[in-house]
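FYI, it's all coordinate maths here, none of it is from the lab. Please read these numbers as outputs of a predicted model, since none were measured by experiment. Here Cβ is always computed from backbone atoms with ideal geometry, including for glycine, and neighbour counts include all displayed protein chains.
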Amino acid sequence: MLFVLSAPSGSGKSTIARRILQQFERLSFSVSATTRPRRPKESDGKDYFFLSREDFERRIADGGLVEWEEIYGNLYGTLKAEVDRVLAEDGHLLFDIDVKGALSIKELYGTQAVLIFIRPPSMDVLRERLVRRGTDSEDVIERRMQRAEWELAQSGAFDYEVINDDLARSVPEVAGIVLSHIQGSQE
C-alpha cells in the first residue's frame, strides 16, 4: 500500500508522518528527490535524493518519476524505481508530498494509493504556524498562503481528511486509517 499525506505547508503533515513511521515497522518513508540545496544535517538518500537540475530533468524525460513539480524554483519528485522496489517487496510506503503529487500517485497506482489530506484548523492558524516556524521570509509565507487556498480546494479528491488541530488526536486518527488498510491488504 502507498499512504500519501498531503497538506498546505505548515499544516503538520511532516510531524504526523514521523510519528506514524514510529508505529509501523513495515511502513517505509518515501524519500523524495529534489534539486534544492542540501540543508545542514540533511543526508542524501535519507532526507532527500539530492539531484542536479540536469539529472532531474533527464529522469522526467525518461519516465523515471511517478510525480514531480516545481515549487518555489526547485524541482521535487518521487523516483519510480524506489516505489516499485518497495511494492515488489510487499512493503508499504508513506509519502509526505504536495497535493499535486498525491493526485498523480492516485492516478498511477489506483487503489494501492490511500490519500490522506491534513487540514489546518483555519487559515489564521496556518499563517501563525508558518511565522512561528521562523524559516521563511514574509514573501515566501505569502506565497505559501496563496498556494494553500488552491490545495484546500483539492481536498475533496482525497480518500480521507484529518483536521490537525491537536496532534494527540490527529496522529491516532491517521494511524487508524493506515492500520485498517494494512490489515485489509493482508486479507
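Tabulated data
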| read-out | value |
| --- | --- |
| Counting DSSP beta bridges with both ends in the chain, the antiparallel % (nearest 5) | 30 percent |
| Options (i) 18; (ii) 26; (iii) 36 - which one matches percent of Cα pairs over 27 Å apart as calculated here | (ii) |
| Mean Cα-pair separation over length for the chain, i.e. relative contact order, pairs under 8 Å, 6 or more apart, % | 33 percent |
| Peptides 122-129, 89-96 ordered by average Cβ neighbours within 10 Å, highest first | 89-96, 122-129 |
| Candidate lysines for bridging to residue 80, where Cα separation is under 18 Å - those fewer than 8 sequence places away on the same chain excluded | 46, 100, 106 |
| Most mobile listed residue (131, 86, 171) in the chain, GNM with C-alpha springs under 10 Å | 131 |
| Gap separating the Cα centres of region 16-69 and region 135-163, nearest whole Å | 20 Å |
